[in-house]
Amino acid sequence: MKNRENQFDRLYEIRLAGLHEIPRIMQFIKENWSENHILGRDKACFLYEYCDRSQVHMVVAYRRKTGELEGFLGFVCASYGEKDRDLWGSMWKVREGNQMMLGAELIRRLPQLVSHRAYLSPGINLNTTGVMMKGLRQYVDRMRHWYVLGNSPVFRIARIQERKEQEPVQDSCQIQQIREHEELEKNFDFNRFRAHVPFKDAEYIRRRFFFHPVFQYQVWGIGTGDAIDAFFVTKEVQANGAKALRIVDYVGEKRKIRGIGAWVRESIRKLGYEYVDFYEYGFNGDDIRMAGFVERELGDKNIIPNYFSPFEQKNVEIWFHAPDASVTICKADGDQDRPN
């Protein structure tokens, strides 16, 4: 380890970025990723994604001889405690022509620069990042994709060649909308789930869903009064003159998902959704089926789109890496539900 560090340290200065470096990083994104990437042109979006408490959540590498920025690794905090802070991997880019494995070295340096319990990331390229992360002894797998169809005879967002349905078999549970983060923090015990990986604390949920500068999310508690055992987050999407509802996060007792089937069907009927969908890893598939969801499998003829800005009518597989298989991941984790 020491010899490898010396090799990279001779060529690069590797450290956490400072606030004054944000324009430089944004320009790097424009030049080396895409001229129109939102994080290269929208400073407010950049600040929301990667800055809090006057800190920039990026590891940067500068070439010592020239002072040029050669690469960066962005991360997102899922929780903020020193002992149980978990990190999502996010944007990660190294300029072409640099020392081989500089990108991997940025990941290796992260534990030295930021104290954390677990580092994991959804949305990786299986054939590039996936291969590298396996080499770093990380677990790599695919998130499962579930959906419940409405009764519309014509689908404009989805493309349905074979209608598949699963009747919910679990008694419905009480679901209440939570409009203010204070209500959630009062009635849901985040500390009960501190051992879960990743642990999503109240500060993360508040910032991620209640105070998002662009998207509107709805938070729903499963339970009554001060006895909320779990909550999930939804987001409405539109395309081709139709709309669908996406469950983008779920925190708490995972078995409680069995009881949301009646709520899902009532939402489809009442609000006219084509379907409700849910990407996840770490849940019991039987629990999700009991809520009436059908799994979209690899190579499925039915299309339940993932991209909406811009809209693409195609299936998308979301791969991830994690320290091991005992993790729980949902659609909005990391930077998978970011404005484009």
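The values are calculated or read from the model by the stated rules, or taken from the named source; none is laboratory data. Since this is a predicted model, take the numbers as computed values, not measurements. No Cβ is skipped: glycine too gets one built from the backbone with ideal geometry, and neighbour counts run over all protein chains shown. What goes into the accessible areas is simple: the full protein's heavy atoms, side chains included, and nothing from ligands, DNA or RNA. Shrake-Rupley method; radii C 1.70, N 1.55, O 1.52, S 1.80 Å.
The Cα-based radius of gyration of the chain, divided by its Kirkwood radius, gives an Rg/Rh of 0.98. Close amide H partners of R95, meaning residues 5 or more places away or on another chain with modelled amide H under 5 Å apart, are G71. A Förster radius of 22 Å, combined with the Cβ-Cβ distance separating Q161 from L298, puts the computed FRET efficiency at roughly 0.90.
Spin-label model, M101 to N125: label points 7 Å out along the Cα-to-beta-carbon direction sit 2.0 nm apart. What would the Debye equation give as log₁₀ I(q)/I(0) for segment 175-322 at q = 0.17, 0.21 Å⁻¹, counting only Cα atoms as equal point scatterers? Results for segment 175-322 at q = 0.17, 0.21 Å⁻¹ read -1.12, -1.62.
Report, please, the projected area of segment 128-236 averaged over directions, based on the convex hull of its C-alpha atoms, in nm².
Numbers: hull surface 44.6 nm².
Over all viewing directions, segment 128-236 projects a mean Cα-hull area of 11.1 nm².
Which whole-number percentage describes the relative contact order of the chain, with Cα contacts under 8 Å and a sequence gap of 6 or more? Walk me through the numbers on the way to the answer.
On the way: 642 pairs, mean separation 70.0, N = 340.
Relative contact order, the chain: 21 percent.
If you take the alpha carbon atoms of segment 6-56 and fit the smallest convex hull around them, that volume is 90 Å³ per residue.
Can you sort V94, V316 by 1.4 Å-probe accessible area, starting with the largest?
Details: V94 40, V316 15 Å².
Sorted by accessible area, descending: V94, V316.
Note that segment 299-340, at 25 °C in a medium of 0.890 mPa s, gets a Stokes-Einstein diffusion coefficient of 200 µm²/s from its Kirkwood radius over C-alpha pairs. With the whole protein complex present, L271 retains an accessible surface near 80 Å², based on a 1.4 Å probe.
Taken along the Cα-to-beta-carbon direction at a fixed 7 Å, the label points for N240 and V140 span 3.3 nm. Scaled against the 2.2 N^0.38 Å expected of a compact globular protein of N residues, the Cα radius of gyration of segment 256-340 reads 1.19. Annotation for R64 and K314: the two label points, set 7 Å from Cα along the Cα-Cβ direction, are 4.4 nm apart.
As a check on your grasp of the helix formula, calculate [θ] at 222 nm for the chain: sum -39500 (n - 2.57) over DSSP H runs of n ≥ 4, divide by the residue count, round to the nearest 500. Before the final figure, lay out each step's value.
Numbers: 10 runs with 80 residues, N = 340.
After summing the helix terms and dividing by residue count, I get -6500 deg cm²/dmol.
Considering all different alpha carbon pairs of segment 1-156, the Kirkwood hydrodynamic radius works out to 17.3 Å.
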